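Each value in this text was obtained by applying a stated rule to the coordinates, not by laboratory testing. Here the structure is a predicted model, which means the values were calculated and not measured. Positions of Cβ are generated from backbone atoms using ideal geometry, with glycine treated the same way; all protein chains shown enter the neighbour counts.
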Amino acid sequence: MASEQALGRQGVHEISALRLYLRALGRDWLTLIAVLFLLALFICMVAAPLLAPHDPLMQNLSGRRLPPFSTAMRRGQEMYHLLGTDELGRDILSRLMHGARVSMAVALTGVLASGLIGVVLGLVSGYYGGWLDDILMRTVDAFMALPSLLLALFLLALLGGGFLNLVLIFAILKWTVYARLTRSLTITYRDSEMVTAARAIGATDRRILFRHILPNLFAPLLVLATLEMAALIIAEASLSFLGLGIQPPQPTWGGMISRGRGYLSDAWWIVALPGFAILLTTLSLNILANWLRNVTDPVQSWRWLT
């Protein structure tokens, strides 16, 4: 009975906290716009085959480089292109929506893979210290001394492009930032009263790490993951622009910019629209990360949640 009451009180506190965060989000109109944009982008990512007005791979050579709000005839049918067409007559809006699937999927999977590796290694390194910590930190220093983009180009030249190879390379290159943050935070908690009390009652190291320390790292890790998503979207677009990322005919934002740059003088929308998509997505993620940092900071969260 007592445990049920405790669970009930915990549920009430979680609902109250959620309301505080939603109310704080509603008062910050800039972050609210960014969240709504990311939500719309997520819906487009999930439901792109249903929401896209046309097949993103369907070509119409008689309707090439049409400006936004244009119509074209294909096999006797009139087709409306809200954002125009590219150099092969393909609908840009449809390609942007399907390109969002690629960018968001690569970024999400890359963040999860690199975060999982970095958080586990950072927890172990910060908690146990000693020679294990020295080896891990020197490995982190070595990885961070290397130019990540050049290393990614080298690995992609060896492995080839594609979704899985991109995720693998991002996991290899990006785990270090999670490991450093997790290690530094773990060091601050490993000698706290909370951990000392857990040791006193016989809690195992694994339970202490994942039940007592890791939940306290959630907020800063969430902020870092949001920033890293923006970085991975730009990285994927850059690699696809260079022809080493996701390969055609799969539409990607970086690939659209790469293939449309030759038509910049007479069909600027082919390059500008995917460029704006990258800009708005990364800007929204950075705005969201800044808001998350503010509302989860113990020092200044009262300004946002009261």
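With a Förster radius of 51 Å, plug the Cβ-Cβ distance of LEU88 and PHE210 into 1/(1 + (r/R0)^6) and report the FRET value to the nearest 0.05. Walk me through the intermediate numbers first.
Details: r = 51 Å, r/R0 = 1.00.
After rounding to 0.05, the efficiency reads 0.50.
Can you work out the FRET efficiency for the pair ALA203 and TYR128, with r the C-beta to C-beta distance and R0 = 25 Å, to the nearest 0.05? Please report the intermediate quantities before stating the final value.
Numbers: r = 15 Å, r/R0 = 0.62.
Once rounded, the FRET efficiency stands at 0.95.
Taking K and R as +1 and D and E as -1, what net charge do the other residues with C-beta under 10 Å from the C-beta of PRO49 add up to? Could you put the intermediate results ahead of the total?
Working: positive: ARG101; negative: ASP55.
That works out to 0.
Quick one: order ASP205, ASP91, ASP133, ASP266 by neighbouring beta-carbon count within 10 Å, fewest to most. Could you put the intermediate results ahead of the total?
Numbers: ASP205 13, ASP91 27, ASP133 17, ASP266 8.
Sorted ascending by nearby Cβ count, the order is ASP266, ASP205, ASP133, ASP91.
About the Cα centre of segment 20-305, what is the dipole size in debye to 20, counting +1 per Lys and Arg Cβ and -1 per Asp and Glu Cβ, all else neutral?
Dipole size: approximately 260 debye.
Roughly how big is segment 113-250's charge dipole about its Cα centre, with Cβ charges of +1 (Lys, Arg) and -1 (Asp, Glu), in debye to the nearest 20? Provide the component values of the computation, followed by the final result.
Details: 9 positive and 8 negative charges, 53 e Å.
Taking the Cα centre of segment 113-250 as origin, the dipole is about 260 debye.
Of GLU228, GLU87, how do they rank once you tally other Cβ atoms within 10 Å and put the fewest first?
Numbers: GLU228 23, GLU87 15.
Taking fewest neighbouring Cβ atoms as first place, the list is GLU87, GLU228.
Return the FRET efficiency for the residue pair ILE43, ALA219: r is the Cβ-Cβ distance, R0 is 30 Å, and the value is rounded to the nearest 0.05. Before the final figure, lay out the partial values.
Working: r = 26 Å, r/R0 = 0.87.
In this case the efficiency is close to 0.70.
Considering the values (i) 1.05; (ii) 1.21; (iii) 1.12, which represents Cα Rg over 2.2 N^0.38 Å as calculated for the structure under consideration?
Given (i) 1.05; (ii) 1.21; (iii) 1.12, the structure-derived one carries the label (ii).
Expected output is a single nm value to one decimal: the length gained when fully extending between LEU30 and LEU159, i.e. 0.36 nm times separation in residues minus the C-alpha distance. What is it? Could you put the intermediate results ahead of the total?
Numbers: separation 129, 0.36 × 129 = 46.44 nm, distance 4.12 nm.
That works out to 42.3 nm of additional length.
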